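The values are calculated or read from the model by the stated rules, or taken from the named source; none is laboratory data. Since the model is a prediction, treat every value here as computed from it, not as a measurement. All Cβ positions, glycine included, derive from the backbone under ideal geometry; neighbour counts span all protein chains shown.
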Amino acid sequence: MELLRPSNVDQLDEGVYIHGGTEVVPLLRDGILSGERLVDIRGLVPRGVRDATIGAGTTLAELEVDPQIPAALREACRLAASPQLRNMGSIGGNLLQATRCWYWRLKYPCRLHGGDTCFAREGEHREHAIVANDFCASAHPSDVAAALLALDARVRTSQRELPLAELYHVPDEADRNVTRLAAGEVILELELPPVEASVYLKAMDRKKWSFPQVGVAAARAGGETRIALAGVAPVPWLLESADALASGDEWATPLPRTEWKVPVARALVRRAVAALG
Amino acid sequence: MASELIVNGHTYEVRAPVGASLAHVLREELGLTGTKIACNEGHCGACTVQIDGVPALSCITLAHAVRGEVTTIEGLRDHPLVDAFVKADAVQCGFCTPGQVVSAAALVAANPEPTSEEIRHHMAGNICRCGTYPRIEEAILHWRG
């Protein structure tokens, strides 16, 4: 195995891209990712915050304490993972982290691995998705992605600019990918439009160092409120409106042992909207 | 592929192949066995070292990708926290203790008088299966002796 360290985008070769390594190293070790060439992209991904632009190489620990950063994103960073992982992990990498679905992690031949079964739907799925879960019931684990989705962030990659929502793709028969990032495409920066208020609330199994069972980010800008959820769908999930959950539970299609997430999500959305004032 | 590693002020050449973890190299190549490997997947904090003063998990850090100076528990043997842990009896089996001290040393370097809440937030990535958390907190609160 070789390790390359390109210093600009033009020098990018194909391979397994690695930044903080908190996700990629365990996936390499487990054989879910493989390749003979590792590409350390820290030399070409910007790091740090400049006005409303966040370098994708900025660590979660750096964002957690930065007063320029909207509250929802600071809190999402603060509540994510452990201190060491927040010191190591970049915000760009966090957006691309894979599901915690144990069947996927244990390399069951599930639909995300190209098979024809979602083992979680019939099996153990307490921590899985409650919406968009028909083809694959995995839950997206990124607190940060939910916060950035509520904040209406834009993503600049080595190839294009796009709204964060368009980075993600609910996996289906034709396309099993969870993101629309092309081969060789690297997230470079995130752009945040101004917001008047924002908040992130998170239900987890422990008070610290836990993935979101349900995470709710809410942001208000120009009289409009955007709400996004973590841990409820195979991708970070944007609600159609702040009232989307008020009229009943038709919005969700929980599995037998994920029904508990539905009232938790409703309560957190209500509290998040109230916290915006 | 040769690569240099600075650990506790000494420079070493890494001989392990690309893909080897920093924890593996510290223990098996450099003989610095104070750094422990427990979960070996970035969860438990037993392998914590500092890289340029910042706590990181050496079991999921690739040795060849380290940029910066590594400090292990061996580099902190004279730190007052070591005595503070002994004095507070913040150890039962002791396996997690090196990682605990490495994390705590970074905390008190940045914030010499942390509150209990700050200690709990900062130390959340170091699991103690014996459950000595109240004594670890006490040791850090009184780290200056």
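When each of A:45, A:39 is tested for being among the hydrophobic types (A, V, I, L, M, F, W, C) and part of a loop (DSSP other than H, G, I, E, B), the lone residue that passes is A:45. Taking residues in the range A:258-275 that are under 14 Å from residue A:242 (Cβ atoms), and partners anywhere that are of a type in the set (Ser, Thr, Tyr), the pairs with Cβ atoms closer than 8 Å and at least 6 places apart or on different chains are A:272/A:200; A:273/A:225. Among the residues of the range B:122-136, those identified as without any contact (Cβ under 8 Å) to a residue 24 or more places away in the chain and at the interface with chain A (Cβ under 8 Å from one of its Cβ atoms) are B:122, B:123, B:124. Taking the listed residues A:242, A:197, the one that is surrounded by fewer than 21 Cβ atoms within 10 Å (Cβ to Cβ), closer than 25 Å to residue A:64 by Cα and among the aliphatic types (A, V, I, L, M) is A:197, with no other qualifying.
Name every residue in the range B:41-58 that is more than 15 Å from residue B:100 (Cα to Cα) and either at the interface with chain A (Cβ under 7 Å from one of its Cβ atoms) or touching a residue at least 24 places away in the same chain (Cβ under 8 Å) (or both), in order of residue number. Matches in the range B:41-58: B:41 only. Among the residues making up the range A:26-64, those that are more than 20 Å from the chain's Cα centre (by Cα), more than 10 Å from chain B (Cβ to nearest Cβ) and closer than 15 Å to residue A:6 by Cα are A:39, A:44. Considered as a group, the residues in the range A:65-81 that are over 16 Å from the mean Cα position of the chain (by Cα) and farther than 17 Å from residue A:51 by Cβ include one that is farthest from the other protein chains (Cβ to nearest Cβ), and that residue is A:71. Please specify each residue of the range B:1-25 satisfying the condition of being of a type in the set (A, V, I, L, M), outside any loop (DSSP other than H, G, I, E, B) and either within 10 Å of another protein chain (Cβ to nearest Cβ) or within 22 Å of residue A:27 (Cα to Cα) (or both). Correct list: B:22, B:23, B:25. Of all the listed residues (A:66, A:116, A:13, A:30), the sole one being of a type in the set (Asp, Glu), free of Cβ contacts under 8 Å to residues at least 12 places away in the same chain and surrounded by fewer than 20 Cβ atoms within 10 Å (Cβ to Cβ) is A:116. Is there a residue in the range B:92-105 that is hydroxyl-bearing (Ser, Thr, Tyr), away from chain A (no Cβ under 14 Å), without any contact (Cβ under 8 Å) to a residue 40 or more places away in the chain and in a helix (DSSP H, G or I)? Yes - at least one qualifying residue is present in the range B:92-105. Condition (residue is crowded, with 18+ Cβ neighbours inside 10 Å and modelled with pLDDT of 95 or more) applied to the range A:173-184: is it met by at least one residue? Yes, that holds for at least one residue.
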